[in-house]
Amino acid sequence: SLEYSSVCVVAASGKIVREDKVASEPEALIAWFGLLGFGLARIGLEAGPLSQWLFAAMREAGLAVELLETRHVRDAFKAMPVKSDRNDARGIAQLMRLGWFRPVHCKSIAAQEVRAVLTARKLVQSKLRDVENSLRGILRGFGLKVGKTTPRGFAGRIRELVAGHASLKMVAAGLLSVHAVLLCEFQAFERKVRALVRLDVRARRLMSTPGVGPIVALTYASAIDDPGRFRSSKRVGAHFGLTPKKYQSGETDYSGRISKIGDAAVRTALYEAAHVILTKPL
């Protein structure tokens, strides 16, 4: 959790050696492991909001730490009758002892920073559209149709429609003030995205592909981060959930829809790029 992490240490035989709750801070966890008085073969850390931060610090301290895939851990614990942080720590310790786990790549700081910019841009864009659609919906109830507008002409069109309506004028003024701030910040994020693309050789190379723009290129490049972690290009599709599910048991054998496992933002970006290629003349 944000405050405390449950920790469990087991021996090679599976016997629990030590259990505790430690503050979810790199210094506290590193100090706790250092006070055990014996070496650790490996440490399992379930992927989560704090995991990349904790993982980077613990790895830098020389600890043999591995990030575990959340979906894999969840499925392994489905038979657990009592769900608690303590039992989760015990289960993860046993997974590490048996070697039945799938390590997850911890993204570099540069990749995390790019993803933070893209996430913030997407959030501001979403709220900007929410304000615009709310204004359209409010005015439509009074028979005032906004129609097609441009980003620059939207505010002027709204003011034109509400002229002579005192209450609507007040509502529109407030929402347009919010809209102006959001639009300004969104444009700032757009400039930042273009600056990041100019500095990223991989993104510029991806943009040479028809239908791939700055957002798609940066989303994909930051998600891949280190291409060397993929032994084959075929594994990339499966990593982002773009390969069919497979079910085979006895005489039953069929392939289903794509698994949709992994980064949803990458799938969305790739689908948008494919849609552009299929529907717009180049």
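Listed here are the residues, each with its yes/no results for (1) among the polar types (S, T, N, Q); (2) in the same structural domain as residue 145 (by the TED database); (3) within 21 Å of the chain's Cα centre (by Cα); (4) part of a helix (DSSP H, G or I).
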| site | (1), (2), (3), (4) |
| --- | --- |
| 173 | no, yes, no, yes |
| 189 | no, yes, yes, yes |
| 222 | yes, no, yes, yes |
| 255 | yes, no, no, no |
| 265 | no, no, yes, yes |
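How many residues are over 21 Å from residue 95 (Cα atoms) and surrounded by 15 or more Cβ atoms within 10 Å (Cβ to Cβ) if we restrict to region 33-52?
The number of residues fulfilling the criteria is 0.
Can you confirm whether residue 135 is surrounded by 12 or more Cβ atoms within 10 Å (Cβ to Cβ), touching a Phe, Trp or Tyr at 6+ places or on another chain (Cβ under 7 Å) and not assigned by the TED database to the domain that holds residue 275?
Against the criterion (surrounded by 12 or more Cβ atoms within 10 Å (Cβ to Cβ), touching a Phe, Trp or Tyr at 6+ places or on another chain (Cβ under 7 Å) and not assigned by the TED database to the domain that holds residue 275), residue 135 does not qualify.
Within region 90-111, identify whether any single residue is open to solvent by less than 40 Å² (accessible area, probe 1.4 Å), within 26 Å of residue 219 (Cβ to Cβ) and among the hydrophobic types (A, V, I, L, M, F, W, C), and answer yes or no.
Checked against the condition, which is being open to solvent by less than 40 Å² (accessible area, probe 1.4 Å), within 26 Å of residue 219 (Cβ to Cβ) and among the hydrophobic types (A, V, I, L, M, F, W, C), region 90-111 yields at least one hit.
Being farther than 28 Å from residue 280 by Cβ and outside any helix (DSSP H, G or I): is that true of residue 164 here?
Taking the combined requirement at face value, the residue satisfies it.
Quick one: would you say residue 121 is in contact with a Gly (Cβ under 7 Å, 6 or more places away or on another chain), touching a residue at least 60 places away in the same chain (Cβ under 8 Å) and either assigned by the TED database to the domain that holds residue 52 or charged (D, E, K, R) (or both)? Quick ask: steps written out before the conclusion?
On the way: in contact with a Gly (Cβ under 7 Å, 6 or more places away or on another chain): no; touching a residue at least 60 places away in the same chain (Cβ under 8 Å): yes; either assigned by the TED database to the domain that holds residue 52 or charged (D, E, K, R) (or both): yes.
Against the criterion (in contact with a Gly (Cβ under 7 Å, 6 or more places away or on another chain), touching a residue at least 60 places away in the same chain (Cβ under 8 Å) and either assigned by the TED database to the domain that holds residue 52 or charged (D, E, K, R) (or both)), residue 121 does not qualify.
Quick one: would you say residue 190 is touching a helix residue (DSSP H, G or I) at 6+ places or on another chain (Cβ under 7 Å), in contact (Cβ under 8 Å) with a residue 24 or more places away in the chain, open to solvent by 30 Å² or more (accessible area, probe 1.4 Å) and not hydrophobic (A, V, I, L, M, F, W, C)?
no
Would you mention how many residues in region 46-58 are in contact with a strand residue (DSSP E or B) (Cβ under 7 Å, 6 or more places away or on another chain) and either without any contact (Cβ under 8 Å) to a residue 24 or more places away in the chain or polar (S, T, N, Q) (or both)?
Of the residues in that region, 1 qualify.
For residue 180, indicate whether it is touching a Lys or Arg at 6+ places or on another chain (Cβ under 8 Å), modelled with pLDDT of 95 or more and among the small types (Gly, Ala, Ser). Working first, answer last.
Values: touching a Lys or Arg at 6+ places or on another chain (Cβ under 8 Å): no; modelled with pLDDT of 95 or more: yes; among the small types (Gly, Ala, Ser): yes.
Taking the combined requirement at face value, the residue does not satisfy it.
For region 1-32, what are the residues that are among the charged types (D, E, K, R), more than 16 Å from residue 90 (Cα to Cα) and surrounded by 13 or more Cβ atoms within 10 Å (Cβ to Cβ)? Break it down stepwise before answering.
From region 1-32, those among the charged types (D, E, K, R) are 3, 15, 18-21, 25, 27; that's our starting set.
Right, trim to more than 16 Å from residue 90 (Cα to Cα) and you get 3, 25, 27.
Scanning region 1-32 gives a single hit, 25.
Give the residues of region 263-282 that are among the small types (Gly, Ala, Ser) and open to solvent by 50 Å² or more (accessible area, probe 1.4 Å), sorted by residue number.
Across region 263-282, the qualifying residue is only 264.
Among the residues of region 224-235, which ones are without any contact (Cβ under 8 Å) to a residue 40 or more places away in the chain and either under 14 Å from the mean Cα position of the chain (by Cα) or surrounded by 14 or more Cβ atoms within 10 Å (Cβ to Cβ) (or both)?
224, 230
From 238, 217, which residue is under 22 Å from residue 121 (Cα atoms), assigned to a helix (DSSP H, G or I) and under 22 Å from the mean Cα position of the chain (by Cα)?
217
Search region 236-250 for residues that are within 27 Å of residue 221 (Cβ to Cβ) and pair each with any residue that is assigned to a loop (DSSP other than H, G, I, E, B) and open to solvent by 80 Å² or more (accessible area, probe 1.4 Å) when their beta-carbon atoms are under 6 Å apart and the residues are at least 6 apart or on different chains.
As it stands, the answer is 241/260, since those pairs meet every condition given.
The values are calculated or read from the model by the stated rules, or taken from the named source; none is laboratory data. Quick caveat, the model's predicted, so the values are computed rather than measured. Every residue, glycine among them, receives a Cβ derived from its backbone with ideal geometry; neighbour counts consider all protein chains shown. Protein only, heavy atoms only, side chains kept; ligands, DNA and RNA dropped before computing areas. Shrake-Rupley method; radii C 1.70, N 1.55, O 1.52, S 1.80 Å.
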